[in-house]
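Have a look at the structure below before the remarks.
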C-alpha cells in the first residue's frame with residue numbers, strides 16, 4: 001500500500017510540476033510590453049501594430065521598404081517568449097513621380113528651320129506635325145544648299161512650294 005501511495009504522490013507531484021512549468025511561460029501581455037519597449041530602439045517598429053496570441057505575434061502596418069519589413073520581424077523574433085511571427089506588413093508604394101514634360105517636337109524643328117532659312121530672306125517656312133512647308137522665292141542655285149540644311153533636321157517631310165528663279 002505504501003508503494004501505491006508513493007506512486008500516487010509522485011504522479012501528483014509530477015503533474016503539479018508540469019502544470020507549473022507550462023504556466024510559467026511568458027504571458028502575451030509581457031510580450032506586448034516588450035514590443036512597445038523595442039519600438040523605442042527600432043524606429044521601423046514604431047509605426048507597426050502588433051497583436052499577440054499564445055506567443056504568436058502578428059504584425060500589420062506599412063514599412064517603407066523590404067529591409068524595414070525584415071528589421072521589424074527580426075526585432076520581434078528576438079523577444080523572449082515569442083514562438084513565431086506572422087509578418088503581414090506591407091511595403092509602401094513608391095511616390096508618384098510627376099508626368100514627364102512633353103516637349104512639342106515642332107518647337108524644336110521650328111527653331112532649326114528658322115536657323116536654316118536665315119540666309120534666305122525671301123523664303124518662308126511653316127512647321128506642322130513634323131512637316132516643313134516652304135513658300136516664297138529662291139534662286140535655283142541655292143535650292144540644294146537650303147534642302148540639305150533642312151534635311152539635317154530630320155523632318156517627316158519637306159513640302160516645297162518655292163518659286164525658283
Which percent, to the nearest 5, of DSSP beta bridges fully inside region 27-97 are antiparallel?
-> 45
Distance from region 106-129 to region 26-86 (C-alpha centre basis), Å = 67
Quick note on 59, 108, 97, ordering by fewest other C-beta atoms within 10 Å, gives 97, 108, 59
Order of 94, 164, 153 - criterion: other Cβ atoms within 10 Å of each residue's Cβ, fewest first | 94, 164, 153
Residues 56, 76, 85, 127, sorted so that the one with the fewest Cβ neighbours within 10 Å comes first | 56, 85, 127, 76
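Readers should treat all values here as calculations from the given coordinates under stated rules, not as data from a laboratory. All of these numbers come straight from a predicted model, not from anything done at the bench. Glycine gets a Cβ as well: all are built from the backbone with ideal geometry, and neighbour counts include every protein chain shown.
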